[in-house]
Amino acid sequence: MPITLLPGYDTLVFGPYDLTGAFPRTAVRPDDPIQDRGHDTVKEEAEAYGKWLHVASLEEDFLKQRAKLFLLDVGDKNNKTFHRAIKSRQAQNMIREIRCANGCVVNQHSEIKKEA
């Protein structure tokens, strides 16, 4: 009897992504030693791993978008989660240094404002 790599994960739907059939229903039997695996089995495992990485990235993107929607829904209600998320976004979006036209690098806030 074949073992499913991730039980229940072959019929999931994440937002607009339908993951039905994303994972193969076959896997290596536990009684097969590694040295007896054929080239086809290794190739199937590599393909399954590649598909899993793709599906995992889709799931991660979906969850990131869902988190953004949650913050929009929560709004500015002065809660700790909202303010922590805003501080994190500000830190990511801040310009720390800029290269001038003459080639020098400035990192002071006032100098960056002048260059911009």
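Laboratory data are not the source of any read-out in this text; all were calculated from the coordinates shown. Bear in mind that the values here come from a model prediction, so they are computed numbers and not experimental data. Counting neighbours? That spans all protein chains shown, and the Cβs are built from the backbone with ideal geometry, glycine included.
Within 12 Å, Cβ to Cβ, of V106, how many net charges do the neighbouring residues add up to if Lys/Arg are +1 and Asp/Glu are -1? Walk me through the intermediate numbers first.
Values: positive: R96, R99, K113, K114; negative: E97, E111, E115.
Net of charged neighbours comes to +1.
Of all lysines in the structure, the ones whose alpha carbon falls short of 18 Å from that of K64, not counting any fewer than 8 places away in one chain, are K87.
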